[in-house]
Structures are given as structure tokens and as C-alpha cells.
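To start, the structure itself, in C-alpha cells.
The values are calculated or read from the model by the stated rules, or taken from the named source; none is laboratory data. Small disclaimer: the values here were computed from a predicted structure and weren't measured.
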Amino acid sequence: MDESDRALARAFGGALASFVATGRPDGGEGGDGGSEEGRGPWRPYEPGAAASVRGFGPPVH
């Protein structure tokens, strides 16, 4: 395990903790999301909207 693995664990763990505490993985309360610890806004699920996937860490090839 190296620093990039630890950074990934912190980012994912932070998003999970924010979701548990606030109901939003970004920690925001408004409709456009917040930005806690560098996490950008997360769009809420909307039926019929284009799907989106949130990535953590660098892309895997």
C-alpha cells in the first residue's frame, strides 16, 4: 500500500462519512452540492436523467 492508496481510501471514506452524516456524499446541503475536502458537488438521482459515475482516484487502464 502506498500514498496513492491511502489518498483513495481517505477520499472514499470521507464521501461515505459525509453521506451517513448529511445524506449527501459531498457534505453539501444545497441543491448544487458542496465541496468538503476537495469533493465536488454530486448530482442527486433523477429518473430519466443521463447516468453519471463518480470516480475516486486516478483512472484505471
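A few points about this structure:
- Some residue of segment 22-35 being modelled with pLDDT of 75 or more and assigned to a helix (DSSP H, G or I): yes
- Taking (1) at pLDDT below 70; (2) of a type in the set (D, E, K, R); (3) more than 9 Å from the chain's Cα centre (by Cα) in turn, ASP5 satisfies each apart from (1).
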